[in-house]
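Nothing in this text is a laboratory measurement; each read-out follows from the coordinates by a stated rule. The model shown is predicted, which means the values in this text are computed figures rather than measured ones. Note: ideal-geometry Cβ built from the backbone for every residue, glycine included; neighbour counts use all protein chains shown.
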Amino acid sequence: MFGVRGWVKIYSYTSPRVNVVRYSPWFLRQDGKESTREVIAGQAQGDGVVAQLAGINDRDAAAALIGAEIEVDRAALGPALRGEAADSGLPGEFFWVDLQGMEVRTQSGASLGFVDHLFETGANDVMVVVGAARHLIPFLYGSVVRAVDGDQRVITVDWDPEF
């Protein structure tokens, strides 16, 4: 919660974080309930973001949203990651969330585990793969990442399981 006029303080996973206010409406999920709110305004505030939502006009209304998760319509996000993956079984391109939970296998078929999450580095994105061991695998489509099969939910990589 932020301010007496009902602005809410949020943590955003967008890059940059303030971009989350560009995606409206927000679908808010909390305690098994869902509501939809239009974003009226927003801005960066310290390491977070503050936003004004339609119908949230005071501190009490904002406080009622503490712990809510924000979802947005996928179509509002714009272009996705890696257009080269059109043969992947995914919708031409994909977002990180498309990759999370996928099994990662070497070219010889050995399972390395499942994609837990991804993060950015200055050079490329990195998949965190959790299995018998934890692997940090650069998401370099065509060289390290050899194939993404959305139907089977498998990513094939050119990677040494011992690394």
- In the stretch 131-144, how many are outside any loop (DSSP other than H, G, I, E, B), out of contact with any Phe, Trp or Tyr (no Cβ under 6 Å at 6 or more places or on another chain) and not charged (D, E, K, R)? 4
- Item | Top-ranked residue in the stretch 131-163 [being among the polar types (S, T, N, Q) and in contact with a strand residue (DSSP E or B) (Cβ under 9 Å, 6 or more places away or on another chain); ranked as surrounded by the most Cβ atoms within 10 Å (Cβ to Cβ)] | 156
